[in-house]
């Protein structure tokens with residue numbers, strides 16, 4: 001499995017086969033970086049001499065093997081983060097630099113070291129031919145200088161351990177009696193019976209130690225940042241993968257493998273390249289990032305982003321991030337819920353519909369059937385018949401209960417503000433737009449229900465946008481070019497005859513048919529007079545608490561209003577009855593209150609009954625019952641009201657259902 005960064009630091013000695021890396025400083029301080037001292041010759045003694053001087057700044061490990069054996073001994077330590085820097089010299093250091101992933105600091109030979117070695121050789125063995133063994137290249141300047149020094153000096157360069165042996169043999173064959181070079185060259189010279197001078201000085205080793213400590217300190221800081229970032233990215237739920245400029249995988253976190261459904265037992269780079277390769281090529285070809293694109297990968301909907309990495313003005317790679325679309329939807333739903341105003345709740349249920357008349361039972365039955373599905377509902381009925389109560393009841397009886405219930409009156413705002421209120425707007429969309437923009441009521445109602453009251457009053461332009469929302473299930477804010485998906489159940493209500501408005505060209509026919517999927521006709525109060533006493537008693541119980549009505553006066557209030565229950569047309573329906581009950585609770589609650597003769601002014605409804613009824617001295621009403629409405633009365637009312645059935649029903653004090661029944665006779 002690939003990881004974003006190298007593992008965390010662990011402080012321990014390393015044992016690998018027969019090679020042992022021993023700790024020279026016994027105090028294990030994890031705050032100090034670790035430096036491995038790799039030498040198979042005389043350099044080791046110098047390093048071990050210098051190391052105690054820097055014990056406060058680093059921990060030192062001595063590796064007594066070189067080349068491949070040293071790599072094997074160090075690899076586990078490097079992977080674990082115990083060793084931050086390796087200090088070595090010559091071809092051994094060059095080999096380690098090519099085969100280890102940590103920095104390798106070379107002990108460098110300077111001109112003073114060479115001159116010091118030559119001086120020592122001339123002093124100890126005057127006139128003896130001298131051979132100089134250097135790493136990688138010989139010094140042309142030194143060749144010119146040897147003539148001035150009157151020294152017989154020959155040079156040879158080496159790049160590997162085998163070339164050291166060849167260099168020493170060649171110099172010996174050319175008559176050199178003294179060999180100046182690294183520890184291995186000195187050992188080979190002594191084996192050949194030649195004199196030797198060790199090339200590396202104490203000063204060169206100290207300089208290498210200081211460079212190693214500084215590099216290890218910087219490396220440790222970078223490693224700490226990488227480990228921290230690795231931990232953060234590894235725990236992200238989003239998938240992250242980094243690629244170099246050639247499209248080769250550099251890093252990937254576990255979430256990416258899970259989201260792409262990759263087999264971790266197989267080679268991962270080809271699998272990842274196959275999954276996101278087209279995105280990388282598109283970003284490279286267009287030189288533009290991919291932002292929040294929905295892709296189907298391995299049968300799963302994912303939100304994909306692909307962003308170029310630019311360093312010092314040049315593109316150096318790309319980062320691909322992947323997010324599960326379902327997770328994004330849950331986050332979106334949670335966010336909308338947390339930002340939702342607390343008052344957007346439905347307080348009523350279908351059980352709050354008071355009454356047992358057949359007409360009301362039919363409303364309950366159809367409402368419960370509609371609540372079981374997400375179909376759009378159209379509530380029709382006169383003002384005050386309880387359309388919003390039914391809408392709240394449908395919401396609370398559905399699976400959307402607990403989610404927002406948003407009510408909006410389509411006749412409450414000017415035409416120019418309706419679309420902004422319903423669909424939202426971006427900042428600067430129009431003069432006076434809210435800073436930062438604002439979500440519309442459809443977005444606010446996401447996962448819940450939106451109740452559009454007085455839908456028949458909606459302007460034509462807003463009808464077109466509403467139709468698109470109902471069809472596409474997405475809204476576009478004013479001033480925005482991006483649509484936002486929504487999950488909203490729509491309940492509309494009207495007191496007008498939408499079919500007649502369609503015929504008149506005032507209301508869109510396609511919107512009407514979209515809304516009229518499930519229609520519920522709410523009966524007016526006068527068509528269910530048997531429910532009025534129970535409903536009045538229910539409303540009176542609320543007024544008792546609100547207005548402080550004595551319990552003993554409740555029956556007196558109901559007795560006083562009984563004639564209205566039987567003979568009044570109730571053009572305001574339940575809303576009017578509630579108003580009347582509250583008024584009665586206020587004026588009739590105190591037996592010593594206003595004189596009975598003043599009640600005619602307080603309750604003008606008595607004067608608007610079908611037949612004139614007089615108030616007796618005790619407040620009771622007497623008089624003949626109202627005359628029954630005939631078919632001829634209906635025809636005259638229709639003619640007088642321009643065949644407007646709703647207006648004719650209100651004029652006659654009957655419901656539209658009764659009007660239709662009389663017309664069919």
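Every read-out reported here was derived from the displayed coordinates using simple, explicitly stated rules and does not represent laboratory data. What you see is a predicted model, and the numbers here were worked out from it, not measured in a lab. For neighbour counting, all protein chains shown are included, and Cβ atoms are generated from backbone atoms with ideal geometry for every residue, glycine included.
Return the equivalent ellipsoid semi-axes of the range 236-330 as a descending list in whole Å, where each equals the square root of 5 times an eigenvalue of the C-alpha gyration tensor. Don't skip to the answer; put the middle values down first.
Numbers: eigenvalues 88, 51, 26 Å².
Equivalent ellipsoid of the range 236-330: 21, 16, 11 Å, largest first.
Based on DSSP, what percent of beta bridges with both residues in the range 350-521 are antiparallel, to the nearest 5? Mind dumping the intermediate values first?
Details: 5 of 23 bridges.
If we restrict to bridges inside the range 350-521, about 20 percent are antiparallel.
How much length is gained if the chain between residue 646 and residue 137 is pulled fully straight, taking 0.36 nm per residue apart and subtracting their Cα-Cα distance, in nm to one decimal? Before the final figure, lay out the partial values.
Working: separation 509, 0.36 × 509 = 183.24 nm, distance 10.81 nm.
Stretched fully, the residue 646-residue 137 segment lengthens by 172.4 nm.
Starting from the Cα coordinates of the range 350-521, work out the convex hull volume and express it per residue in Å³.
On the way: hull volume 19.7 nm³, N = 172.
Convex hull of Cα atoms, per residue: 114 Å³.
For the pair residue 411/residue 328, report the inter-label distance in nm, with labels modelled 7 Å from Cα in the Cβ direction.
4.3 nm
Output needed for the range 437-484: three equivalent-ellipsoid semi-axes, defined as square roots of 5 times the C-alpha gyration tensor eigenvalues, in descending order, whole Å.
Numbers: eigenvalues 61, 40, 23 Å².
Gyration-tensor ellipsoid for the range 437-484: 18, 14, 11 Å.
If R₀ is 25 angstrom, what is the calculated FRET efficiency for the pair residue 258 and residue 281, using the beta carbon separation as r and rounding to 0.05? Before the final figure, lay out the partial values.
Details: r = 24 Å, r/R0 = 0.97.
After rounding, the FRET efficiency stands at 0.55.
Starting from the Cα of residue 555, step 7 Å along the direction of its Cβ; do the same at residue 587; then give the gap between the two resulting points in nm.
The modelled label-to-label distance comes out at 2.4 nm.
Between residue 115 and residue 319, how many nm apart are label points set 7 Å from Cα along the C-beta direction?
Using points 7 Å along Cα→Cβ, the separation is 5.3 nm.
Given R₀ = 25 Å, what would the calculated FRET efficiency be for residue 235 paired with residue 292, taking r from the Cβ atoms and rounding to 0.05?
Working: r = 22 Å, r/R0 = 0.89.
With a Förster radius of 25 Å, E is 0.65.
Quick one: divide the alpha-carbon radius of gyration of the range 465-578 by 2.2 N^0.38 Å and tell me what you get. It would help to have the intermediate numbers written out before the result.
Numbers: Rg = 21.8 Å, N = 114, 2.2 N^0.38 = 13.3 Å.
Ratio of Rg to 2.2 N^0.38 Å for the range 465-578: 1.64.
Sort 474, 141, 388 so the one with the fewest other Cβ atoms within 10 Å of its own Cβ comes first. Let's see the in-between values first.
Numbers: 474 13, 141 9, 388 18.
The most exposed by this proxy come first: 141, 474, 388.
Could you please rank 125, 570, placing first whichever residue has the fewest other Cβ atoms within 10 Å of its Cβ?
Least to most surrounded, the residues fall as 125, 570.
Tell me, 57, 135 in order of fewest to most beta-carbon neighbours within 10 Å?
Values: 57 17, 135 21.
Arranged by neighbour count, lowest to highest, 57, 135 become 57, 135.
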